[in-house]
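This report refers to the structure that appears directly beneath it.
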Amino acid sequence: MVCSEWPEIRLDEYEGVWVAAFADESGQGIEEASLQLIGAARQLADKLETYVGVALIGRGVRDLAREPIFYGADRVFVVDDDRLATYYPAVWGRVLHDLASRHRPEVFLIPATLRGREMAPYIANSFRTGITADLTAMDVNERGEVVLIRPPFGGFMLAHIVTRNRRPVMGSVRPNVFPTPERDESRTGEVVEESIDVPEPRGIRLLEREPILKKEEIPIEKADVIVAGGRGIGSKEGFKLLRRLADLLGGVVAGSRKAVDAGWIEPDKQVGQTGKAVKPNLYIAVAISGAAQHVFGIREAKRVVAINVDPDAPIFEHSDYGIVGDYREVVPALIELLEEIKGRRKEG
Amino acid sequence: MLRIVVGIKWVPNTTSVNIDPKTGTLIREGIPSVVNPHDLEAVEMALRLRDEYGGRVTAITMSPPSARAGLEHVLGMGVDDAVLVSDRAFAGADTLATSYVLAKVIERLGYDLIVFGQETIDSSTAHVGAQVASWLDIPYVYYVTHARLEGGRLIVRRSLENVRETYELELPALISVAMHTLHPRRVRLSHKLRAKLESPIETWTNRELGLEPDCIGLKGSPTALSKIEMIPKVPRKNEIFRGDPREAAKWLVDKLIEEGLLEV
Ligand SMILES: Cc1cc2nc3c(=O)[nH]c(=O)nc-3n(C[C@H](O)[C@H](O)[C@H](O)COP(=O)(O)OP(=O)(O)OC[C@H]3O[C@@H](n4cnc5c(N)ncnc54)[C@H](O)[C@@H]3O)c2cc1C
Ligand SMILES: Cc1cc2nc3c(=O)[nH]c(=O)nc-3n(C[C@H](O)[C@H](O)[C@H](O)COP(=O)(O)OP(=O)(O)OC[C@H]3O[C@@H](n4cnc5c(N)ncnc54)[C@H](O)[C@@H]3O)c2cc1C
């Protein structure tokens, strides 16, 4: 028997791999996380021998409707509506649900931006289906089932999750887990204009929205060089030393979860499974032990350097170059040497 | 009177959690647990609202019986009463089945405001809040950093990647509190003593709730674990330098220059 709260469905009526896509802040393009997801959906759809559908909703998004096609979509379902001028989680979630339930995709993927993470479970619940959070890979198993893969707590293990009796199979994906596909204007596809009855927001009203003025700083997921500190740094002062090193290398500062918990570095600079996945050319882990959940975030780093007092710290197994030593001695020595090199460069 | 319900999860406090390969569920035996740290931030926000505007804060957890210790902890912080939702029939739930039970519990309690943590530290899905709001069909907002009442409505502030937003919510509503934004208050002896004397923890099983067996636990969970595999290790050079810090710095800089990672 199935739960009587779940509407009856026929599994064989569901086909296609769908992605929810949103405009970026400027409104002039599609946000990066959506594009990345279209690329990932393309690969899964090829395995399933089906199409990639994109649900593009918002106000004024009609003009962007061909963009997803250039990144791998076959069909773009557009809801361009003035009533979507303001974002409300339940309203947008409802519209995405209604649009998808009209076309019954087998798979429905949502970019796990902060808004996406807020909407995705609501959409899944509206279908009374399951949803896999923060998946990092997708596959089709011997039985032809879609498998969504996510790292569980261990950090060194991956959980393969299937959704057997409900559709769509839903998942959310964090930004930068998949690469942004090449834009290819020669790709062709179909744009389908849809009209959906956009509900009025109930019990919620936006009073104010203002941009956060950020220091002109490269976000860690885009940085080429990252100097990351862990609990062994011991203080906010210690992080200033890391900042000097990062500046000399043209990089940014990040941290482990324990450094974030200690308040030495901002939460949006946490590297790891529950933070961000980064892909710099050079990652320098300072006084970080190398827990599996942390290392998970640096799999795509080209070179990893570790500085740690403990010769047995697991981080050394995950690094290319390791220095055993107290960071309070090693980092100043590095800074001195780099300043010297910089000085020479200026003279020469 | 403002009736606030806070959801707290009892989570294993370690990185070495194991999963039963047969059932795909957690092996909890022998692992010390704590209240999910981000849920303590939710408790803090609920208590601040109550202290400011009056009312009552009830903590709920769906968990094995050992979570009683977690409820005692938040009672020690000043929560008024608590419900331990515990039944073998609820075990093995994914987030849909978890949210279903929690929604039914909250409905039975009666509520004006539901306060959740942003996400748990064990499976970190951040699903349950939106799902509960969906079952109850009430407005919701995630990542709240500030909340106050104004004319019976809740004004909340939150920050996304690039914008700061202020929303007005009609009650009943659900909010989840942005993690790393509030310092949870300490447990106070006087609260602990009161909790001991009054024992304000109720235990509800499915006998009280009477939910269909097909909607709860493993059966009520559309997702299933089909397999667990080890993540392959990324191959690295594993070259190590021990010795004088200046020599170490020189060694590293030479390597970086060699590889073109540093310009000279
Ligand atoms: C390895 C692994 C991976 C998993 N992945 C998924 C997945 O991708 N999708 C899925 O549906 N399920 C998944 N689960 C199951 C999931 O862990 C449970 O359903 C869990 O009960 C709720 O999910 P969460 O811990 O992520 O809560 P979140 O959604 O992160 O919790 C948000 C907030 O809800 C409240 N809350 C959550 N749980 C409770 C509770 N039991 N009692 C009271 N309040 C609570 C708290 O305030 C909490 O801060 C996974 C389990 C394992 C073992
Ligand atoms: C579900 C889950 C998700 C998680 N997600 C993340 C995540 O996204 N990111 C993350 O980072 N963690 C995450 N964690 C936490 C992770 O398990 C570790 O606890 C954390 O990464 C440890 O941080 P750390 O290395 O800074 O601290 P510690 O493990 O305490 O290590 C400190 C290190 O500093 C060294 N040290 C001390 N003093 C000095 C000195 N003077 N000079 C040089 N070295 C020194 C020590 O030898 C030690 O190796 C997660 C955990 C769980 C359960």
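The values are calculated or read from the model by the stated rules, or taken from the named source; none is laboratory data. Here the structure is a predicted model, which is why all the values come from computation and not from measurement. Please note: Cβ atoms are built from the backbone with ideal geometry, for glycine as well, and neighbour counts cover all protein chains shown.
Numbers at a glance
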read-out	value
Criterion violated by B:V253 - all others in (1) surrounded by 13 or more Cβ atoms within 10 Å (Cβ to Cβ); (2) at the interface with another protein chain (Cβ under 7 Å from one of its Cβ atoms); (3) not in a helix (DSSP H, G or I) satisfied	(3)
Lone unmet requirement of (1) more than 16 Å from ligand 1 (Cβ to nearest atom); (2) charged (D, E, K, R); (3) within 11 Å of chain B (Cβ to nearest Cβ) for A:R164	(1)
Any hit, segment A:273-286, residues being touching a residue at least 24 places away in the same chain (Cβ under 8 Å) and within 7 Å of ligand 2 (Cβ to nearest atom)	yes
Sole residue being facing chain B (nearest Cβ under 10 Å), charged (D, E, K, R) and more than 12 Å from ligand 2 (Cβ to nearest atom), chosen from A:R344, A:R257	A:R344
Among (1) over 19 Å from the mean Cα position of the chain (by Cα); (2) outside any helix (DSSP H, G or I); (3) away from every other protein chain (no Cβ under 11 Å), the one test that A:I110 misses	(1)
Number of positions in segment A:312-329 that are surrounded by fewer than 24 Cβ atoms within 10 Å (Cβ to Cβ) and either more than 29 Å from the chain's Cα centre (by Cα) or in contact (Cβ under 8 Å) with a residue 40 or more places away in the chain (or both)	6
Members of segment B:195-207 found to be touching a Leu at 6+ places or on another chain (Cβ under 8 Å) and not hydrophobic (A, V, I, L, M, F, W, C), listed by number	B:P200, B:E202, B:T203
Scope segment A:278-289; condition modelled with pLDDT under 95 and either within 16 Å of ligand 1 (Cβ to nearest atom) or surrounded by fewer than 21 Cβ atoms within 10 Å (Cβ to Cβ) (or both); matching residues	A:K279
Test: residue in segment B:222-245 that is more than 8 Å from every other protein chain (Cβ to nearest Cβ) and under 43 Å from the mean Cα position of the chain (by Cα)	yes
Only one of A:G255, A:G251, A:G325, A:G297 that is farther than 22 Å from A:P175 by Cα and more than 16 Å from ligand 1 (Cβ to nearest atom)	A:G325
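Table: residues versus (1) among the hydroxyl-bearing types (S, T, Y); (2) touching a strand residue (DSSP E or B) at 6+ places or on another chain (Cβ under 8 Å); (3) more than 19 Å from A:G16 (Cα to Cα).
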residue	(1), (2), (3)
A:Y88	yes, yes, yes
A:R94	no, no, yes
A:L99	no, yes, no
A:F108	no, yes, no
A:T113	yes, no, yes
A:E118	no, yes, yes
A:P121	no, yes, yes
A:N125	no, no, yes
A:T132	yes, yes, no
